[in-house]
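Read through the structure below, which is laid out as structure tokens, and then see the notes.
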Number of protein chains: 2
Amino acid sequence: MSIPSASESPFATGLKPPYWAVIFTNQREGRDAGYAATADRMTELARQQPGFLGMESTRNAEGFGITVSYWRSPEDIAQWRLHAEHSDARRQGREQWYAQFELRVAKVERAYAFERNAG
Amino acid sequence: MSIPSASESPFATGLKPPYWAVIFTNQREGRDAGYAATADRMTELARQQPGFLGMESTRNAEGFGITVSYWRSPEDIAQWRLHAEHSDARRQGREQWYAQFELRVAKVERAYAFERNAG
């Protein structure tokens, strides 16, 4: 188990509540079928959207993943949802990539951070 | 990549907003040092707390994990935070198990579910 360097940190840090979170928990199916390339593209696109604040994502060996993206407002989330490439990716997700998912939109009210060697 | 059977589903399903989420994103350190046993115990204890609704959790090969627990109210979250065993586990987490974490408390306003062969 190696700890990523700061330059490739998987954390979204320094965000000040209130802001919004999209919690996407999902079970991948076995075939890649373009998934990895599209996932990378969606991350790249999301970062370009107004109101995008950050993203945290992980997946275990059984293909169960959780991705949380953070946004300034529910309107920003709604706009990203309407993006044509994102809509097409979501359709492919339902057709090919995911056996099951839950998607939740939540308002972050409080947050705490810890870093062992910080400060 | 195998898909878990329903009896061991990693999803928290059927929850009706509004409810609350505790989003815990964390980077484990290398040594176990009692981590696995305590994590199991905390899951068992959390399930017994008033207002506990469900939990979803995953971790990748680099030790980056996301656990989201779901609760009826912020008061239920606060009560769980005060539980003596949980407080002790959090202290051990800061001292031994986690290099870094972010903990966010959020109110889930909307939710969508998808299951390929449902219905």
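Give me a single rounded figure for B:54-61: the average over its residues of other chain Cβ atoms within 10 Å of their Cβ.
Numbers: counts 1, 0, 7, 5, 12, 7, 8, 6.
Mean partner shielding for this stretch: 6.
On a straight-distance basis, which lysines could pair with B:Lys16 in a cross-link, Cα separation under 23 angstrom, same-chain partners fewer than 8 positions away excluded?
A:Lys107, B:Lys107
Taking a label point 7 Å from Cα toward Cβ, how far is A:Arg94 from its twins in the other copies, in nm, shortest first?
Copy-to-copy label distances at A:Arg94, shortest first: 4.5 nm.
List the distances, in nm to one decimal, from the label point of A:His83 to the label points of the same position in every other copy, shortest first, placing each label point 7 Å from Cα along the Cα-to-Cβ direction.
Its label point is 3.9 nm from the equivalent points in the other copies.
Measuring from a point 7 Å out along Cα→Cβ, what nm distances, shortest first, does A:Glu8 have to its partners in the other copies?
Values, ascending and in nm: 3.0.
Tell me, Kirkwood radius of the protein assembly as shown from alpha-carbon pair distances, in Å?
About 18.5 Å for the protein assembly as shown.
Roughly how far apart, in whole Å, are the Cα centres of segment A:41-60 and segment B:67-99?
Cα centres, segment A:41-60 to segment B:67-99: 27 Å.
Report D for segment B:19-108 in µm² per second (integer): Stokes-Einstein, Kirkwood Rh on Cα pairs, 20 °C, 1.002 mPa s.
Values: Rh = 13.4 Å.
Translational diffusion coefficient: 160 µm²/s.
Determine, from the Cβ-Cβ distance of A:His83 and B:Glu109 and an R0 of 22 Å, the FRET efficiency 1/(1 + (r/R0)^6), rounded to the nearest 0.05.
Numbers: r = 21 Å, r/R0 = 0.95.
E(calc), rounded to 0.05, equals 0.60.
Using alpha carbons only, how many degrees (0 to 90, rounded to 10) separate the axis of helix A:35-47 from the longest principal axis of chain A?
Relative to chain A, helix A:35-47 is tipped by roughly 50 degrees.
Hey, what number do you get for chain A at 222 nm if only DSSP H runs of n ≥ 4 count, each worth -39500 (n - 2.57), divided across all residues, to the nearest 500?
Dividing the helical sum by the residues of chain A leaves -7500 deg cm²/dmol.
We did not get these values from a lab; they are worked out from the coordinates using the rules stated. The model shown is predicted, which means the values in this text are computed figures rather than measured ones. FYI the Cβ positions are ideal-geometry reconstructions off the backbone, even for glycines, and counts take in every protein chain you see.
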